[in-house]
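What follows is a short report on a single structure.
Where a number appears in this text, it was derived from the coordinates with a stated rule and is not lab data. Only a predicted model underlies this, so the values are computations on that prediction, with no experimental measurement involved. All Cβ positions, glycine included, derive from the backbone under ideal geometry; neighbour counts span all protein chains shown.
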Amino acid sequence: MASVIALVYAVFLSFRILRQDSGNATMQSIANAIAEGARAYLWRQNKTIAVVVVILGIVLRFLLGGITTLTFVLGACLSALAGYIGMMISVRTNVRTAQAAS
């Protein structure tokens, strides 16, 4: 129950922050470049991690069975998703913080 409350609160805060002013055109241009770099970084990182997950998944399948492998792969995918969401929210809120500070 506490995790559901935390997720709802995180979504609430995200929407609240994303409604704030995102700055002038120059600030938005810089923020877009940073977001593009962050996406490229995450793409490269997740490709590398995917190779490790596949190799470990195969090993786990033979040592511990299908359910353990499935939960391992699901955990890795959800971890990647959490990292992506966190990075994108962070990048989008940074420009709003800079605008609020100016």
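Normalised by the number of residues in the chain, what is the relative contact order in percent for Cα pairs under 8 Å and 6+ residues apart?
50
To the nearest 500 deg cm²/dmol, what mean residue ellipticity at 222 nm is calculated for the chain from DSSP H runs of n ≥ 4 alone, each contributing -39,500 (n - 2.57), summed and divided by the residues?
Calculated mean residue ellipticity at 222 nm is -33000 deg cm²/dmol.
Which angle between 0 and 90 degrees, to the nearest 10, do you get for helix 25-64 versus the longest principal axis of the chain when only C-alpha atoms count?
On a 0 to 90 degree scale, this one is about 10.
Please state, as a whole number in µm²/s, the translational diffusion coefficient that the Stokes-Einstein equation yields for segment 2-101 at 37 °C and 0.692 mPa s, with Rh defined as the Kirkwood radius across alpha carbon pairs.
Answer from the Stokes-Einstein relation: 207 µm²/s.
Considering only DSSP states other than H, G, I, E and B, which trypsin sites (Lys or Arg not before Pro) in segment 10-91 qualify as loop sites with at most 15 other Cβ atoms within 10 Å?
Qualifying residues, ordered by number: 19.
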